[in-house]
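Undergrad: I'd like to ask some things about the structure below.
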Ligand code: ADP
Ligand code: MG
């Protein structure tokens, strides 16, 4: 039985929001998303916060939100922003307060998803360069941080429902059947 929050980490486009929402539904858990919570609490998109406060301001707000959405009940799935693991304090907080699942996918898979549904409004380009190049570079820089944060690493290139099932099999084999 799962009694701690499940945190989903991984690069932009790996499916934290999509899979997290479906996983919460399947488990009957509450769903939170740090990007959505940030939007709700500030009334501003990520792009707008970065524009006015810079990435440092955004990261500070993101850490605050991570603490805020982590409730006492434990029956919750929390989708995080792709850069949440950049902070050592965030990685430690998630590991100590819950089960951290890294949704791993290759750069080409992420680039394909993001080019199908461009999300510039929610998450600005970090470098202004072509998306595949940027993703490869980000993955290279962050792979060890995702691994460091994670209790479990799962393949996120399957269909969302299959990723949900794989997570359930890993975390609660009895419930997944
Ligand atoms: P994240 O929250 O990790 O940035 P999202 O859940 O917002 O990722 O998904 C980004 C895009 O990729 C969305 O268009 C979503 O529909 C699609 N997507 C997410 N997970 C999958 C998946 N497992 N298979 C195919 N497409 C997916
Ligand atoms: Mg998301």
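Here, each number is a calculation from the coordinates, and none is a lab measurement. For clarity, every value in this text was computed on a predicted model and none was experimentally measured. Using ideal geometry, Cβ is built from the backbone for each residue, glycine included, and neighbour counts are taken over all protein chains shown.
Undergrad: So what's the back-of-envelope 222 nm ellipticity for the chain, counting only DSSP H runs of four-plus at -39500 (n - 2.57) apiece and dividing by all residues, rounded to 500? Mind showing how you got there, number by number?
TA: On the way: 8 runs with 100 residues, N = 177.
Calculated at 222 nm, the ellipticity per residue is -17500 deg cm²/dmol.
Undergrad: Moving on. Pick from 129, 59, 113 the residue whose mean-square fluctuation is largest in a GNM of the chain, springs joining Cα atoms under 10 Å.
TA: Result for the chain, Cα springs under 10 Å: 129 fluctuates most.
Undergrad: Which value in nm describes the separation of the simple spin-label points at residue 117 and residue 133, placed 7 Å from the Cα toward the beta carbon?
TA: Going by the 7 Å Cα→Cβ label model, 2.7 nm.
Undergrad: Here's another thing I want to ask about it. At a threshold of 8 angstrom on Cα-Cα distance, excluding pairs fewer than six apart, so keeping six or more, what relative contact order does region 6-169 reach in percent? Intermediate results must be reported in sequence, preceding the final value.
TA: Working: 232 pairs, mean separation 57.9, N = 164.
It comes to 35 percent, rounded to a whole number.
Undergrad: Can you give me the distance in nm between label points at residue 140 and residue 55, each placed 7 Å from the Cα along the Cα-to-Cβ direction?
TA: 1.5
Undergrad: Assuming 0.36 nm per residue, please report the length gained on full extension of the stretch residue 64 to residue 36 beyond their Cα-Cα distance. Could you put the intermediate results ahead of the total?
TA: On the way: separation 28, 0.36 × 28 = 10.08 nm, distance 1.33 nm.
In short, 8.7 nm is gained.
Undergrad: Return the Cα extents of the chain along principal axes one, two and three, sorted largest first, each rounded to a whole Å.
TA: That works out to 46, 33, 26 Å along the principal axes.
Undergrad: Quick one: Cα centre-to-centre distance for region 45-114 and region 134-155, in angstrom?
TA: When both Cα centres are located, 13 Å separates them.
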